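Structure first, then comments.
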Amino acid sequence: MMRLGVFLLLLLPTVLGIYGCSNASDYTSENPNAAFFYPLDSIPKIYLYRDVSGGLDEEFHRIYTVKDQEGPHLIVEIYASDGRIKEAFNYNIDSLNLQDYMVVDVNQEKEKALLYKDKLFPMHLNERTWFAAKFKGVVDSTVMLSEVKRQFKRKENHLVMEDEEPTLVFSDLMRLTVLNPFTKKEEAKQTTRISYFADGYGLVEWHSINKKVHYRLEQVLTQQEWIKIITR
């Protein structure tokens, strides 16, 4: 039943809101590093990532562009291996800054987070980007603050599936803070992740410093291929 629900969700224009249909196939970004971001295409592409440390865990990213009265946007939806949507990012195509961020709780209830900082991908490689968003916590009366501070490390040729591709490598300082507005208490957890963005693909790999968590792009699927996987 859960997977059927995800299939029905795919019939909607986007989980971030109600957008008009777009007939355009490609857009152009003003960000000079856009070649290393996701392809700007209205035809959805689904990236299958596998945890190469564990070997069994998978994650799907559904990537596509839509257009409304405010112009074109790039949507990246994150799905668990069983097809449950977890979160979604709505990027402005010109700058590649975030316009909206949505989270989904364990009951599959969607919430538009309060966005404080909107940069996850740099306009210039010497800048340190900052993403920060607040949303409801898993415990009553608590809220969560999610932050990512991203710093460029190097450019390299990196193996993407079977080919070497020019790749930007970033260090991501990730911090998740649980806040209780009544007791004024907070609890924070912090970790560092290394992320790889390849020319023509976008995010192709990420791992923790010790590589106990290590996801790598394994396949690029069509929507029809993906639906067969999550509904079988």
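The values are calculated or read from the model by the stated rules, or taken from the named source; none is laboratory data. A quick note: this is a predicted structure, and the numbers were derived from the prediction, not measured. Cβ atoms come from the backbone with ideal geometry, glycine included; neighbour counts cover every protein chain shown.
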Strands (runs of 3 or more DSSP E) wholly in the range 114-232 with at least 3 residues that are modelled with pLDDT of 95 or more, more than 25 Å from ASP41 (Cα to Cα) and among the aliphatic types (A, V, I, L, M) - which ones? 163-179
Of all residues being farther than 19 Å from THR167 by Cβ and in a strand (DSSP E or B) in the range 38-55, which is nearest to the chain's Cα centre (by Cα)? Just the residue, please. ILE46
So which pairs qualify, if the first residue must be in the range 44-58 and free of Cβ contacts under 8 Å to residues at least 24 places away in the same chain and of a type in the set (Gly, Ala, Ser), the second must be part of a strand (DSSP E or B) and surrounded by 15 or more Cβ atoms within 10 Å (Cβ to Cβ), the Cβ gap must be under 6 Å, and the two must be at least 6 apart or on different chains? none
Count - residues of the range 63-84 that are buried (at least 19 other Cβ atoms within 10 Å of the Cβ) and either small (Gly, Ala, Ser) or over 17 Å from LEU98 (Cβ atoms) (or both): 2
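Looking at the structure I just gave you, is LEU114 hydrophobic (A, V, I, L, M, F, W, C), over 26 Å from GLN219 (Cβ atoms) and touching a strand residue (DSSP E or B) at 6+ places or on another chain (Cβ under 8 Å)? Before you say what the answer is, go through the steps one by one.
Values: hydrophobic (A, V, I, L, M, F, W, C): yes; over 26 Å from GLN219 (Cβ atoms): yes; touching a strand residue (DSSP E or B) at 6+ places or on another chain (Cβ under 8 Å): yes.
For LEU114, the condition - hydrophobic (A, V, I, L, M, F, W, C), over 26 Å from GLN219 (Cβ atoms) and touching a strand residue (DSSP E or B) at 6+ places or on another chain (Cβ under 8 Å) - is met.
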Out of ASP163, ASP140, ASP94, report the one residue that is in contact with a Pro (Cβ under 9 Å, 6 or more places away or on another chain), over 30 Å from ARG232 (Cα atoms), among the acidic types (Asp, Glu) and surrounded by fewer than 19 Cβ atoms within 10 Å (Cβ to Cβ). ASP94
Pairs under 6 Å by beta carbon, first residue over 12 Å from TYR201 (Cα atoms) in the range 215-231, partner of a type in the set (Ser, Thr, Tyr), six or more apart or different chains? TYR215/TYR49
